[in-house]
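As structure tokens, the structure follows; a few thoughts come after it.
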There are 2 protein chains.
Amino acid sequence: MKRVRPLVQKLRAYVPGEQSRIKGLIKLNTNENPYPPSPKVLAAVKAAVDGRLRLYPNPTAQVLREKLAKLHGCSPENIIVGNGCDDILAMACRAFVEPLTAPAKPLDAPAPARSVVQFFDPSYSLYPVLAAIHGAHAQAVPLADDFALPSLAELKKGGQWDFRAALTLVTTPNAPSGRGYSTAELERLCRAQKGVILLDETYVDFAEENAMALALKYPQVLVARTFSKAYSLCFQRVGYCVGHPELIGGLHKIRDSYNVNGLGQVAAAATLDDQPYYQANFRRIGATRERLSHGLTALGFRVCPSQTNFIFAKPSVLSAERWLQKLRDRKILVRWFGYPSVRDYLRISIGTDAEADALLKTVRRILGECRG
Amino acid sequence: MKRVRPLVQKLRAYVPGEQSRIKGLIKLNTNENPYPPSPKVLAAVKAAVDGRLRLYPNPTAQVLREKLAKLHGCSPENIIVGNGCDDILAMACRAFVEPLTAPAKPLDAPAPARSVVQFFDPSYSLYPVLAAIHGAHAQAVPLADDFALPSLAELKKGGQWDFRAALTLVTTPNAPSGRGYSTAELERLCRAQKGVILLDETYVDFAEENAMALALKYPQVLVARTFSKAYSLCFQRVGYCVGHPELIGGLHKIRDSYNVNGLGQVAAAATLDDQPYYQANFRRIGATRERLSHGLTALGFRVCPSQTNFIFAKPSVLSAERWLQKLRDRKILVRWFGYPSVRDYLRISIGTDAEADALLKTVRRILGECRG
């Protein structure tokens, strides 16, 4: 008897970026912030490590939701907090998308809109995995040149885009390219979608604009954010999602009762109370990003303009896959995705200035060896 | 356009026990441990609150799984760690149970075994909610008198039990009754099940026996445990599940990539290194449990024998629901479940000795008022 569902047996699990224990490694592969959380956040978390650990955390992260509501000018009913943003994305699939049933139609018939999880290619590589886990149809539609958002006319003309898809996931700014999108163009897309459209703003704190207003304007629009990257709290697993109470209420219904750990709630709430520290970090990371971009461009890389805490760079001389290996041999970890639309690129997280210098030095050395 | 799935719209969300902020409240409603984590655990967590919070935690909780493997005499491949035990239970539904599709058969036809989540009534009230969220068929089969496990003959005779159910969930010791089951009777049940059977040992540290050996003996048996209750870590969200690598591997495939927060991993690992502290707590809680049971029995309550950190008690004079309210008015919170099989009972978590004394005193006063 097969006890694991056939759907699950067929799955290929999502492979997260390597979390290496190698000493002295320069880790630029998973877009973590190079700077620690603010001293006030660390103090708040330490102060909470006491007898209260025996108690359940607040099931709805009430205090945090109240603070977030104040920040975004909405009500706690517009907000759900997740065990990281991945929890939010997985819940969105479960709440809004019907799993496919055995094909009643010919195999090449289009999937019904109610079962479609739609996203651009490239974007966050977890999306098709979440669709597969849920038994939904993953619909990947190419971005335009230089990872631009296609216009509505282009999407209609292309014929692949589904304006009635149950769930559309848009990484904005885009990952892995780092390209930012204007709120105006995102709004045009949102208005055209009939199903739920979730703007995944994981990297938005490093960008010029954000689209939070759209989540509070349109009943089909959600905006997801995370404390992981910009706010240096990957370890703690706290993300959230803002939108119409009807959609947010649907997510709450399928949420694990105590999905957000208590110390994560404490850390996130304390983070919102110390914005100046993080604003200074964003500026520092932005400056390092520009310096690293110029440095790599001077060395022959084609670097996409970035509004995130990473850059997407097309190397010269060797293939991206070879660069991945050569850098790893020299204890620098970057990310390479093997799928067709991006296999010529490396994704490099923005670390400290010293790490940027070390990377540039190592790239220069590798180039020297190739030419020597 | 309806954007939330009809299945989700129809759901009634699980209602966790009240997490009240009322000052001076005696909280005996959610089975939390009255004693804090060990000083060594608190020190280990505090020591980890530093710059590392910016980094992702280990995605598979590798260090913790290695320690657990050593504890249970198995391999890390036999273990998955969850964001609390609820995460494990939800994953088990998704990995092993096919959602029901639109009825092809008459509405009163039995659900196909591949879509059945089966459990005893009463047991953990989350199970039917998880089945409903997944779109599976929830099959509740009554326990025997005094919450005993029915024999195989009784289950066969009853005709409701499905020996081929995709997933069977057994709370052992039982909640909310507190009754313990012998490994021998659990083994008979496990051997008879063709589908996956998960023994939910949330409260097993307070019991006379545990059934971990069955998870390592039979390919269809899983045992789930948690650090929440016995190990005073509700706030941190760490549970785990042991079983055959084929089942555990299926769960890993659908797990959120970073489902267990880093400080939770640190706390759980430190807990395993300080067993004597917790063994002493278990003895203390056991002693308070016996004292409270005798005290309530003397006051006319019918108290079920308990192998957990709570007791299930049938009050006299007033209905259980009235007792809930009268105790709450006097700042003592206990739990009452409104569903038919248990509506005559109160579930009372074992607190400190002082809390037991306060409860007994308050019960005496309420009885006095009723009689006065």
Working only with C-alpha atoms, what are the Rg and Dmax values of the protein assembly as shown, expressed in angstrom? 26.9, 101
What order do A:Glu66, B:Glu208 take when sorted by accessible area (1.4 Å probe), most exposed first? B:Glu208, A:Glu66
Cα gyration tensor shape of the stretch B:151-285, rounded if a/c is under 1.5, else prolate or oblate by comparing a/b with b/c: oblate
Relative contact order (percent) for chain B, with alpha-carbon contacts under 8 angstrom and 6 or more residues of separation? 23 percent
Counted charge near B:Asp86, where neighbours are those whose Cβ lies closer than 12 Å (Asp, Glu -1; Lys, Arg +1): -1
Heavy-atom accessible surface buried between B and A, both sides counted, 1.4 angstrom probe, nearest 100 Å², is 6900 Å²
Need one word for the stretch A:46-94: rounded, prolate or oblate. Basis is the Cα gyration tensor (sqrt eigenvalues a ≥ b ≥ c); a/c below 1.5 gives rounded, then a/b vs b/c decides. oblate
Rounded to the nearest 0.05, what FRET efficiency do B:Leu25 and A:Arg364 have when you use their Cβ-Cβ distance and R0 = 45 Å? 0.10
To the nearest Å², the heavy-atom accessible area per residue of chain B with 1.4 Å probe amounts to 39 Å²
Using alpha carbon centers only, the stretch B:314-372 is separated from the stretch A:18-55 by a whole-angstrom value of 43 Å
When the solvent-accessible surface of protein heavy atoms is calculated with a 1.4 angstrom probe, in what order do A:Arg255, B:Arg365, B:Arg12 fall, highest first? B:Arg12, B:Arg365, A:Arg255
For B:Glu77, tell me the accessible area in Å² from a 1.4 Å probe, rounded to the nearest 10. 110 Å²
Where Rh is the Kirkwood radius over Cα pairs, Rg/Rh for the stretch B:10-136: 1.06
Is there a simple number for the mean count of other chain Cβ atoms within 10 Å of the Cβ of residues in B:211-223, and what is it? 0
For the charge dipole of the stretch A:39-273, defined by +1 on Lys and Arg C-beta atoms and -1 on Asp and Glu C-beta atoms about the Cα centroid, which residue among A:Ala47, A:Leu251, A:Leu272 has the Cα displaced farthest towards the positive pole? A:Ala47
Eigenvalues of the Cα gyration tensor times 5, then square-rooted: what semi-axes does that give for chain B, in whole angstrom, largest first? 32, 28, 20
Could you compute how much accessible surface A:Thr101 exposes when probed at 1.4 Å, giving the result in Å² to the nearest 10? 80 Å²
Anything over 20 Å Cα to Cα? Flag those among B:Lys194/B:Lys217; A:Lys27/A:Lys361; A:Lys40/B:Lys23; A:Lys156/A:Lys194; A:Lys27/A:Lys229, in the order listed. A:Lys40/B:Lys23
Quick check: at a probe of 1.4 Å, how many percent of the accessible area of the stretch A:39-273 sits on carbon and sulfur atoms? 53 percent
If you build the convex hull over the alpha carbons only and average its shadow over all orientations, what do you get for the stretch B:287-355? Give it in nm² to one decimal. 4.5 nm²
In peptide B:260-269, how many Cβ atoms from other protein chains are near each Cβ within 10 Å, on average? 5
Once the whole set of protein chains is in place, how much accessible area is left on A:Cys370, using a 1.4 Å probe, in Å² to the nearest 10? 60 Å²
With no solvent and one point on each alpha carbon, what is the Debye value of log10 I(q)/I(0) for the stretch A:254-302 at q = 0.13, 0.20, 0.24, 0.30 Å⁻¹? -0.58, -0.75, -0.87, -1.01
Just tell me how shielded B:82-91 is by partners: mean number of partner chain Cβ atoms within 10 Å of each residue's Cβ, no decimals. 3
Taking the Cβ of A:Tyr345 as the centre, find all other residues whose Cβ is under 9 Å away and add up their charges (Lys, Arg: +1; Asp, Glu: -1). +3
Of the residues B:Val196, B:Val317, B:Val334, which exhibits the maximal mean-square fluctuation in a Gaussian network model of chain B defined by a 10 Å Cα contact cut-off? B:Val317
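The values are calculated or read from the model by the stated rules, or taken from the named source; none is laboratory data. Predicted, not measured: the structure shown is a model, and the values here were computed from it. With ideal geometry, Cβ positions are generated from the backbone for all residues, glycine too; neighbour counts draw on all protein chains shown. Accessible surface areas use protein heavy atoms only, side chains included; no ligands, DNA or RNA. Shrake-Rupley method; radii C 1.70, N 1.55, O 1.52, S 1.80 Å.
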